[in-house]
1. Take the range C:1-57 and flag every residue that is out of contact with any helix residue (DSSP H, G or I) (no Cβ under 7 Å at 6 or more places or on another chain), buried (at least 17 other Cβ atoms within 10 Å of the Cβ) and under 10 Å from residue C:209 (Cβ atoms).
2. Identify, please: which residue in the range A:245-260 is closer than 21 Å to residue A:274 by Cα and surrounded by fewer than 24 Cβ atoms within 10 Å (Cβ to Cβ) and is, among those, farthest from the other protein chains (Cβ to nearest Cβ)?
3. Restricted to the range A:32-42, and to residues that are within 14 Å of chain B (Cβ to nearest Cβ) and crowded, with 24+ Cβ neighbours inside 10 Å, which residue is farthest from residue B:290 (Cα to Cα)?
4. Among the listed residues B:78, B:73, which satisfies the condition of being more than 8 Å from chain A (Cβ to nearest Cβ), buried (at least 23 other Cβ atoms within 10 Å of the Cβ) and assigned to a helix (DSSP H, G or I)?
5. Among the residues of the range C:107-142, write down those that are part of a loop (DSSP other than H, G, I, E, B) and either within 22 Å of residue C:177 (Cα to Cα) or more than 9 Å from chain B (Cβ to nearest Cβ) (or both).
6. Can you name every residue in the range C:53-91 that is at positive phi and either within 12 Å of another protein chain (Cβ to nearest Cβ) or part of a loop (DSSP other than H, G, I, E, B) (or both)?
7. State which residue is farthest from the other protein chains (Cβ to nearest Cβ) when the search covers only the range B:134-161 and only residues that are free of Cβ contacts under 8 Å to residues at least 24 places away in the same chain and not in a loop (DSSP other than H, G, I, E, B).
């Protein structure tokens, strides 16, 4: 029974990994670009949730949407002020831009919120439920399920809608898309909005169920790397599976090896992947 | 500075200034800044070989630094050997690490390399923090009192200053040597366009791997010097991400891919860092990194070539003379 | 026979860019590959240069199979190539750009520099000019100089004259002739029909992935299939002896 609990818990956390990683993979697929600040987007989503609860009030739906919108706006602003200027520049500028941004956001958060761990005050989702003998916090269950639904939603948005096909057209061939009357700049800004928005709402969901501090972003971005590599660079559906697998591996290794080994196992997996299948486990070459 | 100075004279003047610094500024405070400056310049110059010249941006160079820092103190802890004996061991492990990371990622675009470096550095940091053999979270200590000069444990800052200066000289001389030879041309070609470089017969992957191995070896030496100077090492000061950040920002601010770029970057940042830490007390280190983040973003956005390139651009006459020589 | 490509095909997904192309090149020849845009000539060219791995078929250079060899191995074997969009190293001077190529056979800096200087002279560029400041004609010239510095036996020129003014084209043709006279065998992909007419003794015409004609330029331009596929129905054959003009497409 404990084993089942560990596995379900891992999958629910993995669902949130899947959601924010799908944002990172979207940017990679669109622009061949790695956002080192993506973990900080998740972290900011958590604090937006906290601020909304404390200063405005409202349930998970309110602060979840608030986090998504706030981060989407931030993502678009960052695209226009920074990313579009470095994307055609040297590799150094590309890496430095989001790497510097990550530091800036992380340490500004330390400055404002201090290094202490915080968590959301008790809310409608506090408490536990028992499903067939497995005890689960309601918050984890809801957060995990919502995350899966949203990740699938993002996948459907990309594959089944007009906006999605425009996004993919830009990813496929920028020039051809321009000839078709699509404005790549707008589409890339939209991708940044979606990506950061996904990170923001994933942060809000994470905040419902887990405590955090400003340093979580660094862990999250590395987890997102693992998920993106495992799921195939650029594939949202791949990152859904990979996120669940990563959460599961973490939970299982934390349970059997000890909590400190969970990240070692996951990062080790990333290095192994680079050696064995650099294009990603489920990715196309 | 007058533009009529020939380059070698500028180098002689620079060397003289660096040699004279601790004799002019004799206070422990200034000498400590000098030593910190030299260490930052050494590690950023080492980073510069692969990150600047070859254009492969490592964001996890702390792994090489940490390996270099741990090796001497580990040999001292285990066998009582002088820390200096650990320097070759650090170099060997750093090169092995470089190969492990470079072999798979150098077949792919530069983003993969950057991702792999930060992930491996973090992996090692966490692992070392759990490994009792290397002191786990507490880390390792060096000799408390020197048994001889080979312990590299001095009361005064002065010996450290001149040892570090000599190592900096070696790193810069090696870089300058490379710059003018085939390897240096190949590095710049690989950075500019891998496809074009390959069409001219450059083995791109091997070139990048050699650059990373050399860079890793020098970075490891920087780590060993740091450990010798401070006398102890723990996972964060050896492998922490901020160690990588400092190399990156020092090189990028001064001018990545330029011989004296890291030197300039260190000359600006180290006093700045000391100032913020002094003015804002313990909380100042957080502010330092907000500042670092901001500077890195600004460099990326406006001046990826760093301050040296900016200088060369706004002083074209000066620049042309330097190139013609 | 210096180069032999046999039954070379390249598919991108379900799209067959090149289908069963054959080519033999003898030492000392200049051969043209022509055809309309998207006809497969550039893909075929990249298969010869080692930039693209053909789906089927093989490429043999000087008796050695180079089908699967890397681009750098091609350069070492003696196959040099230029790019449609010249890949100039912006931060280097013209001489340094050429030295990168020269280092392949001259590992020592002074030898490489001397060799590069001779090549730069041949191409008529200024050695001290920075790569960044070169215009299109200069970059195309520099591209040829870089690859010449690797001392190729076979030179693959990818639209090295596209985008040049008629005067610049004439200068470039003279350069290609000079290169040819030094004993380099040349395969040239070109859009400009007149260039092919003046430079080559033998051409291959591509259309929709297939080689639809081969022979002397004079022979192929008389074939109806070629006229239709490449030049278009409306094209009127220039009367013999008319001055060459740029821009047949």
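The values are calculated or read from the model by the stated rules, or taken from the named source; none is laboratory data. All figures in this text were calculated on a predicted structure; none of them were measured in a lab. Neighbour counts run over all protein chains shown; Cβ positions are idealised from the backbone, glycine included.
1. C:9, C:16, C:19, C:39, C:40, C:41, C:43, C:44
2. So the first thing to find is which residues in the range A:245-260 are closer than 21 Å to residue A:274 by Cα, and the list is A:245-250, A:253.
The next check asks that each one be surrounded by fewer than 24 Cβ atoms within 10 Å (Cβ to Cβ); those that pass are A:245, A:248-249, A:253.
Working: A:245: 17, A:248: 19, A:249: 14, A:253: 12 Å.
The extreme case among them is A:248.
3. As a first pass, look at the range A:32-42 and keep what is within 14 Å of chain B (Cβ to nearest Cβ): A:32-40.
Now drop any that are not crowded, with 24+ Cβ neighbours inside 10 Å, which leaves A:34-40.
Values: A:34: 21, A:35: 18, A:36: 16, A:37: 14, A:38: 17, A:39: 16, A:40: 13 Å.
Selected residue: A:34.
4. Working: B:78 fails: buried (at least 23 other Cβ atoms within 10 Å of the Cβ).
Just a single option satisfies the conditions, and that option is B:73.
5. C:124, C:125, C:126, C:127, C:129, C:134, C:135
6. Step one: list which residues in the range C:53-91 are at positive phi, which gives C:57, C:62-63, C:78.
Passing the criteria: C:62, C:63, C:78.
7. Looking at the filtered set, the residue picked out is B:149.
Quick grid of which residues meet (1) within 14 Å of chain A (Cβ to nearest Cβ); (2) in contact (Cβ under 8 Å) with a residue 24 or more places away in the chain; (3) surrounded by fewer than 24 Cβ atoms within 10 Å (Cβ to Cβ); (4) not in a helix (DSSP H, G or I):
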position: B:11; (1), (2), (3), (4): no, no, yes, no
position: B:19; (1), (2), (3), (4): no, yes, yes, no
position: B:26; (1), (2), (3), (4): no, no, yes, yes
position: B:43; (1), (2), (3), (4): no, yes, no, no
position: B:46; (1), (2), (3), (4): no, yes, no, no
position: B:52; (1), (2), (3), (4): yes, yes, no, no
position: B:68; (1), (2), (3), (4): no, yes, no, no
position: B:90; (1), (2), (3), (4): no, yes, no, no
position: B:95; (1), (2), (3), (4): no, yes, yes, no
